[in-house]
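The values are calculated or read from the model by the stated rules, or taken from the named source; none is laboratory data. Quick caveat: nothing in here was measured; it's all calculated off a predicted structure. Backbone-built Cβ (ideal geometry, glycine too); neighbour counts: all protein chains shown. When the accessible area is computed, the model is the full protein with side chains, heavy atoms only, and any ligands, DNA or RNA have been set aside. Shrake-Rupley method; radii C 1.70, N 1.55, O 1.52, S 1.80 Å.
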Amino acid sequence: MSESDSQPTPAPADQPAPLPPRQRAAQLAQALGQELRKAVIGQDEAVDGLLTALLAGGHVLVEGVPGLGKTLLVRALARCFGGEFARIQFTPDLMPSDVTGHAVYDLNSEQFKLRRGPVFTHLLLADEINRAPAKTQAALLEVMQERQVTLENRALAVPQPFLVMATQNPIEQEGTYPLPEAELDRFMFMLRMDYPAADEELALVRQVTRSARADMLDVAPLQPRLSARDLLALQKIAAELPLDDQVLDYAVRLARATRDWPGLALGAGPRASIALVRGGRARALLRGGEFVTPDDIKGCALAVLRHRVRLAPELDIEGLTVDRVLRQLLDQVAAPRL
Amino acid sequence: MRLTDTTLAVRPRDNWEALDLGILLARRHARVLLAGWAVLTLPVFALLSLLFWQHPGIALLLFWWLKPLFERLPLHVLSEALFGEVPSLRQSLRAWPHLLRRQWFASLTWRRPSLTRSFDLPVLQLEELGGAERRQRLQVLHRRSAGSARWLTLVGAHLEAVLWLGLSLVLLMLLPAQALQQWSWQELLLAEHDWLWLEHLSNLLYVLVLIVWEPLYVACGFSLYLNRRTHLEAWDIELSFRRLRQRLLTPMAWAALALTLGLAVPTTDALADSPADTDAPALSREAAGERIRALLAEPPFHQPETVTRWRLRETGGESPQPPAGLFRLDSLWRVLEYAASLLEALLWAALLLGAALLAWRYRQWLRVFARLEHNAPAASHATARVLGLDVSPQSLPEDVAGEAERLWAEQPRVAVGLLYRALLSRLLHDYRLPLLAAHTEGEVLQLLCRLDEPQLQAYAGTLTGYWQQLAYGHRALPPAAGEALCAGWRALFPRGTQP
């Protein structure tokens with residue numbers, strides 16, 4: 001993390017001994033990050049965002065042009081994570097029951113049996129989520145918010161931890177179905193993957209051409225670092241990190257500022273404030289901090305807000321992006337003091 | 001001329017309808033007309049082309065100049081055909097030299113550019129009028145129909161051009177594509193090649209176009225002329241009377257009339273007084289003229305009509321002195337002018353007010369765009385309250401470190417807060433760091449990296465860490481921290497360098 005380098009570690013010798021579980025958790029998370037960076041080169045920001053979402057227990061939508069390693073990132077995470085992993089390739093003819101499951105008639109027992117869909121897993125990769133029509137996308141609404149699936153009038157809980165990681169491609173509009181606002185709001189983060197820097201791309205090309213697979217990075221050599229139980233424990237630790245009222249107020253002010261900001265036609269809802277706080281806590285844990293600072297909140301503000309707001313048509317015509325307007329907003333909302 | 005023999009339905013028509021009738025007329029006798037024109041003009045054209053082989057332009061000009069003479073032939077055919085005696089081609093050709101004699105010189109010289117040529121031709125050829133009589137006659141005829149006749153000639157000229165170009169294009173399209181590929185237009189236009197045959201060909205196309213158009217032109221002019229005369233001489237009424245007379249001339253009708261006259265014995269009352277009984281005063285020529293004029297001055301001959309309309313005031317020249325009553329009007333004008341300037345001022349004010357209101361209404365937008373223009377945050381040197389804190393040098397104690405040391409024992413949070421506030425003040429005022437209220441502690445440290453002052457950076461890092469622990473972590477600091485911080489402050493900012 002960029003801030004963690006400049007963040008001082010205040011005189012540890014004289015401090016009351018920091019709680020060991022937090023430090024261990026931070027180490028574990030950082031080790032996971034290092035493992036991921038072996039497979040995904042040049043996308044540190046996306047890796048950090050994904051780890052933050054993992055610790056905060058939120059779903060992630062990864063957006064980027066083809067070939068930047070969106071799917072690779074999620075597959076690498078699945079490889080490093082000891083729990084169950086399922087993948088759904090979203091296609092235009094995918095049906096909701098293909099996602100959640102359905103009842104089938106068993107000839108032997110002469111009864112209907114529930115056949116659980118791929119959502120009953122820990123990590124779910126929804127690849128190219130905007131290629132399926134809205135009804136199939138809507139099949140994820142319940143499970144993403146309530147962590148349960150209702151099949152044949154029975155509410156079935158999905159295993160914990162449960163995370164949806166979806167990818168989508170922003171440039172292709174032909175034959176795609178934009179995600180509805182309700183669905184977008186359920187994603188805690190929207191991560192943007194950009195082209196890697198020159199030296200990172202050099203390293204990436206060197207590594208890919210050395211690997212046995214023809215044109216992609218191999219995730220096989222990665223080691224599992226985290227079990228499902230570990231992750232639940234990490235999430236619990238992150239959720240218990242102390243948070244000052246001023247920092248909480250800052251997070252809420254940020255989300256509220258989007259609602260009457262002149263450049264935004266649609267502001268973020270209360271889920272954004274919640275995601276900011278949870279994301280801030282996870283970020284603090286990831287950098288090894290003992291408490292949440294305004295920097296943690298501000299650091300994940302773009303990823304939390306960019307898919308929850310809608311740009312005013314005037315600025316859209318001017319050619320401005322949501323990110324630019326949000327950066328301007330972040331430059332205007334006062335950070336907490338004394 | 002016997003009107004009853006005409007092959008046309010004689011009735012007063014609109015001018016354009018009359019032109020239409022001319023086209024119908026030409027179509028009915030198209031064969032004789034076209035053949036006559038072709039037989040007459042083609043040899044003349046061939047002769048002219050041969051004579052002026054080296055100057056195709058002159059040949060065409062001469063041919064065009066002679067058009068009025070050729071036009072007498074179609075008119076002859078049409079005038080004969082009007083009464084049902086369509087002359088054969090041979091007859092009409094034979095008649096043509098006689099037709100030429102009348103006023104040929106005038107037709108080819110001063111009357112050549114006339115735009116009403118085909119309309120005027122019947123006066124010359126059929127009515128055989130000349131000189132002042134002709135002029136008078138034309139004056140009457142032109143009163144209603146000259147405009148249409150001129151339009152006919154103008155449209156005709158354009159039609160000729162269009163057809164001529166069209167024919168040339170058809171020829172061009174018939175050329176094989178291979179020939180066109182090697183075609184160099186520039187060469188064609190500029191080179192000194194022998195292109196005479198091409199120009200003669202083009203002349204021929206014009207002559208061919210005239211075979212179609214000229215009979216139509218003459219026919220249209222003739223029908224326009226007939227229509228004008230129908231209007232003037234009431235041919236339709238005359239025809240009706242003639243038809244009536246023919247009907248009444250039957251014996252039965254005569255018998256009925258005789259019976260009626262025999263049975264009806266007229267009373268003396270019914271008879272009008274004979275003119276001899278009334279002793280009307282003999283009128284002299286002057287008196288009669290007087291009375292006629294008086295009669296003409298009364299309705300229904302003369303109907304005065306009052307028309308009121310606006311017109312421009314005449315400027316310049318001696319303006320007559322306005323009558324006394326007008327002075328009041330003048331002052332009224334002045335008042336009106338004042339009112340107008342007042343109104344103008346009010347309108348301008350309303351406009352400016354509207355603009356100001358608009359700017360006020362969209363001030364947020366203006367601010368947004370202004371910010372986008374100058375996106376780089378400006379260094380806010382003069383602001384005393386930056387970062388939500390009072391960081392002006394005046395608000396800080398003289399000896400920051402000493403004050404912090406004093407506070408450390410009882411209120412460590414206030415002490416570290418004071419140090420942090422002082423640090424920000426130094427960064428802002430001494431180092432001119434562009435700090436904003438929105439900058440978090442981490443961002444302030446990142447900005448500090450730009451200054452390239454490792455000592456300050458390290459101290460700021462430590463201080464920020466302690467400050468965050470106190471403010472956000474609510475943790476107690478080690479007791480030695482206060483001393484170290486104050487010592488660090490004194491090392492960085494010795495007393496006396498206070499801004």
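Scanning region A:264-280 for residues that are within 12 Å of chain B (Cβ to nearest Cβ) and either more than 18 Å from A:Asp323 (Cα to Cα) or in contact with an Asp or Glu (Cβ under 8 Å, 6 or more places away or on another chain) (or both) gives a single hit, A:Gly280. You will find that of B:Glu318, B:Glu305, the residue that is over 30 Å from B:Thr4 (Cβ atoms), under 47 Å from the mean Cα position of the chain (by Cα) and modelled with pLDDT of 65 or more is B:Glu305 and no other. Condition (residue is touching a Phe, Trp or Tyr at 6+ places or on another chain (Cβ under 6 Å), in a helix (DSSP H, G or I) and surrounded by 11 or more Cβ atoms within 10 Å (Cβ to Cβ)) applied to region B:144-154: is it met by at least one residue? Within region B:144-154 (the criterion being touching a Phe, Trp or Tyr at 6+ places or on another chain (Cβ under 6 Å), in a helix (DSSP H, G or I) and surrounded by 11 or more Cβ atoms within 10 Å (Cβ to Cβ)), the answer is yes, since at least one residue qualifies. Of the residues in region A:188-208, at least one is of a type in the set (Val, Ile, Thr) and open to solvent by 10 Å² or more (accessible area, probe 1.4 Å).
Can you pull out the residues in region A:230-263 that are more than 13 Å from chain B (Cβ to nearest Cβ), within 19 Å of B:Arg475 (Cβ to Cβ) and not in a loop (DSSP other than H, G, I, E, B)? Within region A:230-263, A:Ile237, A:Ala238 meet the criteria.
The residues on offer are A:Val143, A:Val119, and the sole one that is within 30 Å of A:Gly33 (Cβ to Cβ), part of a helix (DSSP H, G or I), at pLDDT 85 or above and open to solvent by less than 60 Å² (accessible area, probe 1.4 Å) is A:Val143. In this structure, does A:Val333 turn out to be within 9 Å of chain B (Cβ to nearest Cβ), outside any helix (DSSP H, G or I) and closer than 17 Å to A:Arg253 by Cα? Against the criterion (within 9 Å of chain B (Cβ to nearest Cβ), outside any helix (DSSP H, G or I) and closer than 17 Å to A:Arg253 by Cα), A:Val333 qualifies.
Residue-by-condition table, conditions (1) more than 11 Å from B:Leu3 (Cβ to Cβ); (2) open to solvent by less than 30 Å² (accessible area, probe 1.4 Å):
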| residue | (1), (2) |
| --- | --- |
| B:Leu208 | yes, no |
| B:Ile211 | yes, yes |
| B:Arg228 | yes, yes |
| B:Leu232 | yes, no |
| B:Arg242 | no, no |
| B:Gln246 | yes, no |
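Considering region A:292-325, the residues that are closer than 19 Å to A:Val47 by Cβ, of a type in the set (A, V, I, L, M, F, W, C) and open to solvent by 10 Å² or more (accessible area, probe 1.4 Å) include one that is nearest to the other protein chains (Cβ to nearest Cβ), namely A:Leu302. Of the residues in region B:400-414, at least one is within 12 Å of chain A (Cβ to nearest Cβ) and at pLDDT 80 or above. Open to solvent by 40 Å² or more (accessible area, probe 1.4 Å) and within 28 Å of B:Tyr420 (Cα to Cα): is that true of A:Gln328 in this structure? For A:Gln328, the condition - open to solvent by 40 Å² or more (accessible area, probe 1.4 Å) and within 28 Å of B:Tyr420 (Cα to Cα) - is not met.
Here B:Pro454 meets the list (1) more than 11 Å from chain A (Cβ to nearest Cβ); (2) buried (at least 17 other Cβ atoms within 10 Å of the Cβ); (3) closer than 30 Å to A:Gln332 by Cα almost entirely, failing just condition (2). Exactly one residue out of A:Val104, A:Val62, A:Val74 is hydrophobic (A, V, I, L, M, F, W, C), modelled with pLDDT of 85 or more and within 29 Å of A:Leu286 (Cα to Cα): that is A:Val62. Here region A:153-182 is the region considered, the condition is being in a strand (DSSP E or B) and surrounded by 13 or more Cβ atoms within 10 Å (Cβ to Cβ), and the residue that is farthest from the chain's Cα centre (by Cα) is A:Leu156. Restricting attention to region A:100-133, the residues that are more than 21 Å from the chain's Cα centre (by Cα) and among the aliphatic types (A, V, I, L, M) add up to 4.
Residues are listed down the side, and each one gets a yes or a no for (1) farther than 21 Å from A:Ala31 by Cα; (2) open to solvent by less than 20 Å² (accessible area, probe 1.4 Å); (3) touching a Pro at 6+ places or on another chain (Cβ under 8 Å):
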{"site": "A:Arg256", "(1), (2), (3)": "yes, no, no"}
{"site": "A:Asp260", "(1), (2), (3)": "yes, no, no"}
{"site": "A:Ala265", "(1), (2), (3)": "yes, no, yes"}
{"site": "A:Gly269", "(1), (2), (3)": "yes, no, no"}
{"site": "A:Ala272", "(1), (2), (3)": "yes, yes, no"}
{"site": "A:Leu276", "(1), (2), (3)": "yes, yes, no"}
{"site": "A:Arg281", "(1), (2), (3)": "no, no, no"}
{"site": "A:Glu290", "(1), (2), (3)": "no, no, yes"}
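The set of residues from region A:217-228 being at pLDDT below 80 and open to solvent by less than 60 Å² (accessible area, probe 1.4 Å) comprises A:Leu217, A:Asp218, A:Val219, A:Ala220, A:Leu222.
Scanning region B:13-71 for residues that are among the aromatic types (Phe, Trp, Tyr) and either within 30 Å of B:Gly84 (Cβ to Cβ) or open to solvent by less than 70 Å² (accessible area, probe 1.4 Å) (or both) yields B:Trp16, B:Trp37, B:Phe45, B:Phe52, B:Phe63, B:Phe70. Just the residues that are free of Cβ contacts under 8 Å to residues at least 24 places away in the same chain and farther than 20 Å from B:Pro12 by Cα, please, taken from region B:114-150. Within region B:114-150, B:Ser114, B:Leu124, B:Glu127, B:Leu129, B:Gly131, B:Ala132, B:Glu133, B:Arg134, B:Arg135, B:Gln136 qualify.
Going through region B:422-451 one residue at a time, which ones are in a helix (DSSP H, G or I) and at the interface with another protein chain (Cβ under 8 Å from one of its Cβ atoms)? Once the filter is applied, which keeps residues that are in a helix (DSSP H, G or I) and at the interface with another protein chain (Cβ under 8 Å from one of its Cβ atoms), region B:422-451 yields B:Glu441, B:Gly442, B:Glu443, B:Leu445, B:Gln446, B:Cys449.
Determine which single condition A:Thr91 fails, assuming it passes every other condition in (1) assigned to a loop (DSSP other than H, G, I, E, B); (2) without any contact (Cβ under 8 Å) to a residue 40 or more places away in the chain; (3) of a type outside the set (A, V, I, L, M, F, W, C). Evaluating A:Thr91 over (1) assigned to a loop (DSSP other than H, G, I, E, B); (2) without any contact (Cβ under 8 Å) to a residue 40 or more places away in the chain; (3) of a type outside the set (A, V, I, L, M, F, W, C) leaves (2) as the failure. The set of residues from region B:440-451 being of a type outside the set (A, V, I, L, M), closer than 19 Å to B:Gly488 by Cβ and either open to solvent by less than 20 Å² (accessible area, probe 1.4 Å) or under 60 Å from the mean Cα position of the chain (by Cα) (or both) comprises just one member, B:Glu441. The residue of region B:457-469 that is nearest to B:Arg421 (Cα to Cα), among those that are at the interface with chain A (Cβ under 7 Å from one of its Cβ atoms), surrounded by 21 or more Cβ atoms within 10 Å (Cβ to Cβ) and in contact (Cβ under 8 Å) with a residue 24 or more places away in the chain, is B:Thr464.
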